[in-house]
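Read-outs throughout are calculated quantities, based only on the coordinates presented, and are distinct from any laboratory measurement. No experiment lies behind these values; they were computed from the predicted model shown. Cβ placement follows ideal geometry from the backbone for every residue including glycine, while neighbour counts extend to all protein chains displayed.
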Amino acid sequence: MEIFYFIMSLVKLMRDERKRRENEEKFGAWDELPDGGRRYFYEVQGRHGWKARYVKEVDASERTIKFYQEIYDEVGRLVEVHEKYPVDKGHSKLGEVSDEDYSPGSSSEAN
């Protein structure tokens, strides 16, 4: 029975690694989270200087915890969030933010 559990844990580890490689390829950039998970993201530039950032948060086993879209204006301020998973909550416009209050989210890229 010990061999069975050992083999099953190896299968799970291989599956988690495969998911991690797929997410790394798809998103290209991520932040490591304190709980062992990751926050993957990629950005799409709009026609009028705005940009959208698509964000996928996963746990240490690469299971999706949250997926959302962030909208940034032409000066880089976060102005809108659309949470899509686990529940599609639609777009949420953020209140007025002054330049002094604005601090952009991390955007470290993987090597």
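For the pair D35 and R21 in one chain, pulling the backbone fully straight at 0.36 nm per residue adds 3.2 nm over the alpha carbon distance. Under 28 Å of direct C-alpha separation, and excluding same-chain neighbours fewer than eight residues apart, K89 reaches these lysines: K19, K26, K51, K56, K66.
What order, most packed first, do the peptides 43-54, 58-69 have when packing is the mean number of other Cβ atoms within 10 Å of each residue?
Listed from highest to lowest mean packing, they are 58-69, 43-54.
Principal semi-axes of the equivalent ellipsoid, √(5λ) from the alpha carbon gyration tensor of the stretch 2-93, are 33, 13, 10 Å from largest down. Over the C-alpha trace of the stretch 7-60, radius of gyration and Dmax come out as 14.3, 53 angstrom. I want to check the label-to-label distance for W50 and H91. Put each point 7 Å from Cα in the C-beta direction and report it in nm to one decimal. Label at W50, label at H91, 0.6 nm between them. For a paramagnetic label modelled on R63 (point 7 Å from Cα along Cα→Cβ), amide N atoms under 16 Å away belong, within the stretch 4-41, to 9, 12-17, 19-20, 35-38. Near S61, once Lys and Arg are set to +1 and Asp and Glu to -1 for all other residues with Cβ below 12 Å from its Cβ, the sum equals +2. Taking 0.36 nm per residue of separation and subtracting the current Cα-Cα distance, fully stretching the chain between D73 and L10 would add 18.1 nm.
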